[in-house]
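First up is the structure itself, then whatever we jot down about it.
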Amino acid sequence: MFNFITDLARYNDLMISGSLETLYMVAMSLFFAIVGGIPLGILTTITRQGHILPNKPLNFILDGIINIGRSIPFIILMVAVIPFTRMIVGTSIGTNAAVVPLSLAAIPFMGRVTDNAILEIDQGVVESAQSMGASPLQIVFKVLLPESLPAIILGLTLTAISLVSYSAMAGAVGGGGLGDIAIRYGYQRFQLAIMLETIVILVVMVQLIQFFGNQIASFFDHRA
Amino acid sequence: MIKIENLTKHYHAAQGKVEAINGLNLEVADGEIFGMIGPSGAGKSTLIRMLNLLEEPTSGTININGTDLTELSSQNLRAARQKIGMIFQHFNLLSSRTVLGNVAFPLEIAGVGKKKRRQKAKELIELVGLEDRADHYPAQLSGGQKQRVGIARALANDPDLLLSDEATSSLDPESTKSVLELLGRIRDEMNLTIILITHEMGVIKDICDRVAVLEAGEIIEEGSIIDIFSKPQKALTKKFISSVIDFDLPERIVKYVRKERPGELIRVSFVGEKTHDPYISDLVKHYSVDANILYGNIDEIQGVPFGTLVLDLEGQLTNIEESIAYLKSQDLRVEVLDNV
C-alpha cells in the first residue's frame, strides 16, 4: 500500500506530461480531421445521385477513400504508414509522428460522420434553397453546414473520443502520452497504481469531451 | 404571363417508364390565382416543380414573362428563380435560423446588404402577422405560423409568380382558411400571379380564379371556377366538386320517386343573379306541370351565389319537355337525371 501512494506522488510530473501529450495528439489530429474530413464528407454527399452536384465517378472515388480508410485497423495503419510519417515528420517516434497515422484514421472517420450528418437534412430544405436561386456553394455554406452543425459537433465528439483511444495505441509504439506510460510503467514494471491512474485520467478525459460536445451541440440545435 | 407549351416529363423508375406529364399546354394570366387539382399520381407535383425547373422537363417550353426557362444557363436560371417564390407542404424552413433569419435568407442569396435585408424581412413578417415571433425558431411555431413564414420568405425578392405545392395540405382547417386568406390578400396587394396545386377542392373553391383538373399527366378540364362548378363535364371533376358541394340524392329517395311517380327528374343549377328569380313558380304557372322539390342547396363561390335544385316534374310529357326548354332558355343549367 505504501508503494502505491509513493508511486502516485513520485510520478506526478510524468502523469501530467503524459496527459498533455495525449491531449496534444488528440487536438492536432482532430484539427486535421476537421480540415480534411469535413470537406471530404461534404463533397461525398453533394456528389451523390440526386444531390446538388451529382457526379458518379467522383462520388465513387470519395466514398471508396472513406471506406478503405475506415476499414484498416488502426494498429496496422500506424505501422503501414511509417515511411510516409518519416517523410513528413522526419522520424517515426514521438507525439508529432503519432499525429500522422492518427490524422489519417480520423479524416475518413470524420468524412463519414459529416456525410451522414448532411444526409439527415430534409431534401426539401435543400430544394427550397434551390428554388430561391441559391448556388451550390451558397447551399453548402448557408444550408448544409448550419443545418447539420449539431450533428457534426456530435460527430467531432465521437471522433475525439476515438482519437483518445487510438492515441493510447500510438503510445505503445513510441508515440508518447498516457498509453505509453500505461504500458511501460503499469504493464512492464507491474506498477499497478500507474496503470490505474492512467485509466482514471482517460475515463475522465472521455467524460469531459462527451459532456462539452453535448453542451456545444445542443447550444446550436434549434430543432426541438 | 405564363405560357406552357407541349410540356412533357418522362422518367425511368423500377416499374419501367413513367409518363408523369404528357404534352401539356397551359396559359396563366398575370394576377390570376390558378389552381390545379388532381388525385395523387396525376402529376401535379411534377408539374409545379417543373415551373421553376426543380424538375427538368423531358421536352416543351415554360415561358414566364417572355423568358423560356428551359433555355437559360444555370446562372440565369438562378437569377430567374429569385423572381419565382415557392411554398411547400412541409414548409422547408431552416431549423438553424429564426423567423427573421429565414425570411432574410432569399435576400442573402440575392446579395442584398445586411441592413436592407433586415428591414425588408421585418416588413414581410409584419405583412404575415408574425411580428411577435420574429426571434423564434421554426420548431417553436405552429404549422400555420410556419407556413406564414414560408409565405413571407417566398415574397422576399418581390416575385412575379408564387408557386404553392400543397401549401395547406398539412394544416388544420382553421390554419388552412387563414393561410388561404393571406394568399388572396397578397395577390390583391402585390398583383402577384399564384399557381397552386392541391388535392382539396375546398382550396380551389375558396381562392382560385381558374382551375385545371389533372388526370394521368393531362389536363382533362379547365375553366373559371363558376363554370367548372356549375357545368362540370368529366366524372373526376364532378367527384371533386361533390367533395365540397353535395348534390347527390340519397339512393332510397331516387328509387322511391322512380317507382311511385313516373315523371322527369331534373337538376337545375343557378349562378349569381339567377338565384334571385322565381323560375319554379313560373314553371308551374305557365306550363301546367307540378314541381316537387326533392333537394335544394345554395352555396357561395367567392361571393357569387351558386344554387342547385333537384326537381321531380310531373305532367304531360310535352309540357315537361317545354318546361325544360324554358329553363334552358333562361340560361340555367338543366340536367336530366336518368340514372342518378
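Readers should treat all values here as calculations from the given coordinates under stated rules, not as data from a laboratory. Not measured: the values here are computed from a predicted model. Neighbour counts are summed over all protein chains in view; Cβ atoms, including those assigned to glycine, are modelled from backbone coordinates with ideal geometry.
Assorted remarks:
- Using a cut-off of 23 Å between Cα atoms, the listed pairs A:Lys142/B:Lys177; A:Lys142/B:Lys120; B:Lys83/B:Lys120; B:Lys205/B:Lys328; B:Lys83/B:Lys122; B:Lys120/B:Lys146 include A:Lys142/B:Lys177; B:Lys205/B:Lys328 as exceeding that distance.
- Averaged over the residues of peptide A:129-141, the number of Cβ atoms from other protein chains lying within 10 Å of each residue's Cβ is 6.
- Note on chain A: dipole from Cβ charges, positive end direction compared against A:Val81, A:Val126, A:Gln49; the farthest Cα belongs to A:Val81.
- Shielding by partners for peptide B:77-90, expressed as the average number of C-beta atoms from other protein chains within 10 Å of each residue's C-beta, is 3.
- Counting only DSSP H runs of at least 4 residues, each contributing -39500 (n - 2.57), and dividing by the residue count of the protein assembly as shown, the helix-based mean residue ellipticity at 222 nm comes to -16000 deg cm²/dmol.
- When +1 charges are put on Lys and Arg Cβ atoms and -1 charges on Asp and Glu Cβ atoms, the dipole computed for the protein assembly as shown relative to its Cα centre reaches about 2460 debye.
- Residue order, fewest to most surrounding Cβ atoms within 10 angstrom, among A:Thr44, B:Thr308, B:Thr61: B:Thr61, B:Thr308, A:Thr44
- Nearest 10 degrees, 0 to 90: helix B:114-127 Cα axis against chain B principal axis: 20 degrees
- Centre-to-centre, using Cα atoms only, the stretch B:97-156 and the stretch B:186-220 are separated by 25 Å.
- Measuring nothing but how far apart in sequence close Cα pairs (under 8 Å, 6+ apart) lie, relative to its length, the stretch B:251-336 scores a relative contact order of 39 percent.
- The distance from the alpha carbon centre of the stretch B:303-340 to that of the stretch A:145-217 is 87 Å, rounded to a whole number.
- Options A:Gly179, B:Gln119, A:Ile153, ranked by Cα towards positive dipole end of the protein assembly as shown, top entry (Cβ charges): A:Gly179
- For the pair A:Ile216 and B:Val336, label points projected 7 Å from Cα toward Cβ lie 8.2 nm apart.
- Shielding of B:91-99 by partner chains, average beta-carbon count, 10 Å: 6
- Given R0 = 22 Å, the distance between the Cβ atoms of B:Ile220 and B:Glu5 translates into a calculated FRET efficiency of 0.75.
- As a rough footprinting exposure proxy, the listed residues B:Met1, A:Met87, A:Met132 were ranked by other beta carbons within 10 Å of their own, and the order from fewest upward is A:Met87, B:Met1, A:Met132.
- Whether the stretch B:251-336 is rounded, prolate or oblate, judged on the alpha carbon gyration tensor where a/c under 1.5 counts as rounded: oblate
- Relative contact order computed over chain A (Cα-Cα under 8 Å; 6+ residues apart), in percent: 28 percent
- Of the DSSP H helices in chain A, those whose Cα atoms cover at least 27 Å axially and whose Kyte score averages 0.0 or more: A:12-32, A:95-119, A:145-170, A:192-220
- Taking the C-alpha atoms only, the angle from helix B:99-109 to the longest principal axis of chain B is near 70 degrees.
- Charge dipole (chain B, unit charges on Cβ, about Cα centre) - positive-most of B:Leu183, B:Ile33, B:Thr70: B:Thr70
- Ranking of B:Lys3, B:Lys115, B:Lys146 by count of other Cβ atoms within 10 Å, fewest first: B:Lys115, B:Lys3, B:Lys146
- Between helix B:143-154 and chain B: long-axis angle, C-alpha atoms, 0 to 90°, nearest 10: 60 degrees
- Residue ranges B:189-198, B:19-28 sort as B:189-198, B:19-28 when ordered by packing (mean number of other C-beta atoms within 10 Å per residue, highest first).
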